[in-house]
Amino acid sequence: MLPLASMAAVGAGLTIVGVGIGIGLTFLAGLQAMGRQPEMMSKLQTSMIIGVAFIEGIALFALVICLVKG
């Protein structure tokens, strides 16, 4: 069995990978929507920024939990 510190490091790494995927998918969907409806660009940009902020907040929360438990 791995030491607790190693498991915390794995958890932190998985958190970062998940955040990267989440932000990438957010921007992918936003850019596709902007391509289909350019007149909605300002509303889509605002929604994307808010979504990314929520993703980052969850990531920081998960990272802190991983590091505190380790």
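The values are calculated or read from the model by the stated rules, or taken from the named source; none is laboratory data. Everything quoted here is computed from the prediction, not taken from an experiment. SASA here: full protein model, heavy atoms, side chains in, ligands and nucleic acids out. Shrake-Rupley method; radii C 1.70, N 1.55, O 1.52, S 1.80 Å.
Just a few scattered comments:
- Helical contribution to [θ] at 222 nm, DSSP H n ≥ 4, -39,500 (n - 2.57), averaged over the chain, rounded to 500: -32000 deg cm²/dmol
- Derived scalar couplings between HN and Hα for the stretch 22-35 equal x, 5, x, 5, 4, 6, 4, 5, x, 5, 5, 5, 5, x Hz in order, rounded to whole Hz, by the Karplus curve 6.51 cos²θ - 1.76 cosθ + 1.60 (θ = phi - 60°), x for Gly and Pro.
- Residue among L44, L60, L28 with the largest mean-square fluctuation in a Gaussian network model of the chain, springs linking Cα atoms under 10 Å: L28
- Accessible area of the stretch 11-70 belonging to carbon and sulfur atoms, whole % at 1.4 Å probe: 76 percent
- log10 of Debye I(q)/I(0), alpha-carbon scatterers only, for the chain at 0.13, 0.16, 0.17 Å⁻¹: -0.48, -0.61, -0.65
- Calculated accessible area for the chain comes out at 72 Å² per residue, all protein chains present (probe 1.4 Å; ligands, DNA, RNA ignored).
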